[in-house]
Amino acid sequence: MHDTTEQVSDQPDWSQRQIANYRARAAEYDCAYDERLPMPQLAKALDELPISGDVLELACGTGQWTQLLADRARTLTALDAAPEMLRIARARMQGTATRFIEADIFSWEPDRPYDTVFFAFWLSHVPPVEMEAFWALSRWALAPGGCVVFLDDSLAKAEFEEPVAEAQVPTVRRRLADGSQHLTVKVLHDAPSLTSQLNDLGWEAHIEPIDAYHLAGIARPRESE
């Protein structure tokens with residue numbers, strides 16, 4: 001297993017801060033699912049999304065979504081940059097054949113193709129400067145005929161965030177139970193604008209609101225003419 005501190009040392013400051021945030025909040029991360037996320041409603045939305053075959057989950061966190069993917073996947077690979085998050089996810093998925101990878105998504109390269117690439121509440125942590133590269137990575141990771149499936153926050157979630165005006169990329173401040181403060185990238189999207197952006201990047205995307213605060217999307221690489 002790679003040492004995460006060394007792994008991110010060559011990454012931009014925003015990336016290092018974001019990983020540090022998730023390493024620090026791993027122990028209380030699941031509280032967000034109890035307090036802020038309507039899991040039954042989101043899980044129902046997940047049931048309606050096309051997830052099958054060999055599945056890759058990006059930014060798996062503590063495995064909240066990993067456990068919901070397991071029964072629908074032929075094989076399941078889950079990736080995260082924070083070893084503290086992965087430790088919890090591994091314990092949650094004990095007894096399954098889930099493959100875990102510790103890596104920074106922004107420097108990782110897939111070693112095999114997948115039928116489904118899934119991420120929940122991750123796209124809003126991809127800064128605008130990395131969107132093209134991130135979706136190129138997603139395309140690289142897909143097997144022919146595969147698709148990207150995701151869930152995320154909508155623009156309405158801005159009311160709950162504390163933006164940092166002087167940051168180089170869209171950033172918010174997060175406060176942990178111990179009083180410490182951390183910074184993370186946060187870029188909120190609406191369905192029409194994100195659909196248009198993905199179209200410009202060569203994807204056919206179908207994105208719909210789940211409720212006032214969340215959206216779900218399916219994206220497939222547009223075939224070359």
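The values are calculated or read from the model by the stated rules, or taken from the named source; none is laboratory data. Since the structure is predicted, the reported quantities are computational estimates derived from the model, not experimental observations. No Cβ is skipped: glycine too gets one built from the backbone with ideal geometry, and neighbour counts run over all protein chains shown.
A few points about this structure:
- All positions within region 178-213 that are farther than 14 Å from ASP153 by Cβ, buried (at least 19 other Cβ atoms within 10 Å of the Cβ) and in contact with a Pro (Cβ under 8 Å, 6 or more places away or on another chain): TRP203
- Among the residues examined, THR62 does not qualify as more than 20 Å from VAL185 (Cβ to Cβ) and at pLDDT 95 or above.
- Matching residues in region 47-94 - criterion: being in contact with a Cys (Cβ under 8 Å, 6 or more places away or on another chain), more than 20 Å from ARG220 (Cα to Cα) and not polar (S, T, N, Q): ALA78, LEU79, ASP80, MET85, LEU86, ALA89
- Any hit, region 123-135, residues being touching a Ser or Thr at 6+ places or on another chain (Cβ under 7 Å), crowded, with 19+ Cβ neighbours inside 10 Å, among the aliphatic types (A, V, I, L, M) and under 25 Å from ARG72 (Cα atoms): no
- Applying a threshold of 6 Å to beta carbon distances and a minimum spacing of six or more residues, or different chains, the list of pairs starting in region 85-107 at a residue that is of a type in the set (Lys, Arg) and ending at one that is part of a strand (DSSP E or B) reads ARG90/PHE100; ARG99/THR77.
- Matching residues in region 28-43 - criterion: being surrounded by fewer than 15 Cβ atoms within 10 Å (Cβ to Cβ) and not polar (S, T, N, Q): GLU28, CYS31, ALA32, ASP34, GLU35, ARG36, PRO38, MET39, PRO40, ALA43
- Considering (1) of a type in the set (A, V, I, L, M, F, W, C); (2) at pLDDT below 95; (3) in contact with a His (Cβ under 8 Å, 6 or more places away or on another chain), the lone condition that VAL187 does not fulfil carries the number (2).
- Residue that is farthest from ALA27 (Cα to Cα), among those in region 63-100 that are more than 17 Å from the chain's Cα centre (by Cα) and hydroxyl-bearing (Ser, Thr, Tyr): THR75
- PRO144 being at pLDDT 95 or above, in a helix (DSSP H, G or I) and either more than 24 Å from PHE106 (Cβ to Cβ) or touching a Ser or Thr at 6+ places or on another chain (Cβ under 9 Å) (or both): no
- Residue match in region 96-118 (condition: of a type in the set (A, V, I, L, M), surrounded by fewer than 15 Cβ atoms within 10 Å (Cβ to Cβ) and at pLDDT 95 or above): yes
- Members of region 155-177 found to be loosely packed, with under 11 Cβ neighbours inside 10 Å and either assigned to a strand (DSSP E or B) or among the acidic types (Asp, Glu) (or both), listed by number: GLU159, GLU166
- Region 113-128 - residue that is under 9 Å from the mean Cα position of the chain (by Cα) and assigned to a helix (DSSP H, G or I) and, of those, nearest to GLY53 (Cα to Cα): LEU123
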